[in-house]
1. Apply the Karplus parameterisation 6.51 cos²θ - 1.76 cosθ + 1.60, with θ equal to phi minus 60°, to every residue of the range 265-271 and state each ³J(HN,Hα) to the nearest whole Hz, in sequence, with x for glycine and proline.
2. Just how far, in whole angstrom, is the range 254-292 from the range 88-150 if you go by their alpha carbon centroids?
3. Between Lys20 and residues 5 or more places away or on another chain, which pairs have amide H atoms under 5 Å apart, with H built 1.01 Å from N, and which residues are they?
4. Hey, what did the chain get for relative contact order, percent, Cα under 8 Å, at least 6 apart?
5. Let me make sure I get this right: for the chain, a, b and c are the square roots of the gyration tensor eigenvalues over alpha carbons, sorted descending. Under 1.5 in a/c it's rounded, otherwise prolate if a/b > b/c, else oblate. Which is it?
6. Share of antiparallel DSSP beta bridges in the range 137-292, in percent to the nearest 5?
7. Once Lys and Arg get +1 and Asp and Glu get -1 on their Cβ, which of Ala175, Ile249, Ala163 lies farthest toward the positive end of the dipole of the chain?
8. Once both axes come from the Cα atoms, what is the angle between helix 172-182 and the longest principal axis of the chain, in degrees from 0 to 90, rounded to 10?
Amino acid sequence: MRNFSENHEWLSINTATVRKSLGVDLPLPKIIEACVERGIVAISPWRDQVAAAGLPVISKLVKNHGLKLSGYCRGGMFPAADAAGMEAAYLDNRKAVDEACELNAACLVLVVGGLPGALAGRAVHKDIALSRAQVTDGIAQLLEYAKTCGMPLAIEPLHPMYAADRACINTLEHALDVCDALDPDQTGALGVAVDMYHVWWDPKLQSQIQRAGQKRLLAFHVCDWLTPTTDLLNDRGMMGDGVIDIPKIRGWVEAEGFSGFSEVEIFSTGNWWQRDHKEVLDTCIARHQTAV
C-alpha cells in the first residue's frame, strides 16, 4: 500500500468538493487556479462547471498547467419514458465522451439513472427492472462509441437510497455483472468507479473489489459517512470525520493493482461549501495524508 503521509502526489480533487466557497458558486477556473497553487496535480471536473466556463477555456487551462483528470463527471442517466428520450440520452452521453476525450480524462464516470422522471419528483412508472434493462442497453450502445474514442467508461454504483432517482445500480456486484455481460474479455473499456460514500457498507465489498481486479478498477473516490447524517445527498464528511475505515478499503483496492488517484468528492451544503475554498483544499491535502 502506497505511503500518502509525506506528500499529496496521488490526491485528486473532484471539483464538486469546492463547488461553492463561503456559500457562493466558485467558477471552475478559480478552482483550477487554487489547486495549482497547492501543487494538486489532478482534478475531476463536472460537466456543468465545464460548460459554464467553456470547454475550450478549461481544456487550455488543463493543458497549460499539466493537470491530469482522474475522471470526468458525468455521463449516464440512461432510462427514459420513450424512444425519443433514450435517443436524447445517448446523444448527450456521446457528447460527454467527446468532452472527456478533449480533457484527456482517465475515464468517463457513469451515474446510470433510475426511474424516468423520479429525479424531478414525477416518476412515470415503478418498473425498476425496466430501468435496469434500459441502463444495460444504454451502456452497451455508448460503449461501442467510447471504444472508437479510446475513452473508458466507469460505472459508479450508488447507495440504495438513490435507486429510484439517480442510479438503479446500487452494488459493486451489480456493476460488475454489467461489465462482465458487455465486456467479457476485460478489455479496459468498461469498469467501475468505487466511491466509498456509496459502497462502504456492503458486506461483499472486499470480495467484489477482488473480483473487479486491476482492469475493472478505473476510479476511486473518497470522503466519509457522518453520524448523524443530516442530508443524504449533501452532507458528506471530510475523510476522518466519519465512520468509514478508509485506509482498509484503499488497501483492498491497491492490493488488486490500482495505482491511480484518490479522488476527494464531498457534497456539503451545511459545512464545507460554507467555508473558504482555500481552507477546504488545505484540509483535503492534510486529511489525504493522515486519513486516507
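Read-outs: derived from the displayed coordinates by stated rules, not from any lab. Because the structure is predicted, anything quoted here is derived from the model rather than measured. A quick note on method: Cβ atoms are made from the backbone with ideal geometry, for glycine too, and the neighbour counts reach across all protein chains shown.
1. Couplings: 10, 10, 9, 7, 5, x, 10 Hz.
2. Answer, in whole Å: 27.
3. When sequence neighbours closer than 5 places are left aside, the close amide H contacts are Leu26.
4. Here the relative contact order equals 21 percent.
5. rounded
6. 15
7. Ile249
8. 50
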